[in-house]
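Comments concern the structure below.
The values are calculated or read from the model by the stated rules, or taken from the named source; none is laboratory data. It should be emphasised that the depicted structure is a prediction, and the values quoted were computed from it without experimental measurement. Note that we place each Cβ from the backbone using ideal geometry, even for glycine, and neighbour counts take in every protein chain shown.
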Amino acid sequence: MNLSIVGRHLELTDSIKEYVESAKDSLKKYNLDIISTRVVLSADEKGGKKGFVVEFAINLAHKNTIVIKQKDKDLYAAIDLAIERAKKVLRRHHDKIIDRRVKVDEEVANTPSLEDADEIIPTELDIYKPMEIEEALNELKNSDKQFYVFYDMDDKLRVIYKRKDGKFGLY
């Protein structure tokens, strides 16, 4: 993971750089594909009040860039607050990924394996001649099946079935 630290209107000391690097290392625990992180530290003075702005831009693989800005009177406090917000965002993203993985794993675990399934014996089908709808209806009435599939005289595949009300339906 690449790290870029930029200072605007302030001098970057080694201690500031080490602090940002150690803070950035705490983001690795989420096991996300972080491509690069850009940290911009700037001094801000408005209305005679000094303050610091910390901006984290975190580039994730297959995801948009996460940008977090934090203002505070103390530079180290601003870095800490920005890291906490980054952790929250990355944790949410990590939890979404984990939840999806768990659901997929459960679906795979719940699907029956081929070993548990009944043995399927392939058979060759006889070529059936087309039949009248009345013939198919008689076949269905004489059997205990719920439906009967046949080719009609127009060479269309048809299904005749028993309805709950005792009548018959035709597709």
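Brief remarks follow.
- Applying the condition of being at pLDDT below 85 and of a type in the set (Val, Ile, Thr) to the stretch 74-107 and asking which residue is nearest to the chain's Cα centre (by Cα) yields Ile97.
- Residue that is surrounded by the most Cβ atoms within 10 Å (Cβ to Cβ), among those in the stretch 14-64 that are hydroxyl-bearing (Ser, Thr, Tyr) and not in a helix (DSSP H, G or I): Thr37
- Yes/no for Ala43 being among the aliphatic types (A, V, I, L, M) and within 25 Å of Arg92 (Cβ to Cβ): no
- A search for C-beta distances below 8 Å between a residue of the stretch 74-94 that is crowded, with 16+ Cβ neighbours inside 10 Å and any residue that is modelled with pLDDT of 90 or more and aromatic (Phe, Trp, Tyr), counting only pairs 6+ apart in sequence or on different chains, returns Leu75/Phe52; Ala78/Phe52; Ile79/Tyr19; Ala82/Phe56; Ile83/Phe56; Ala86/Phe56.
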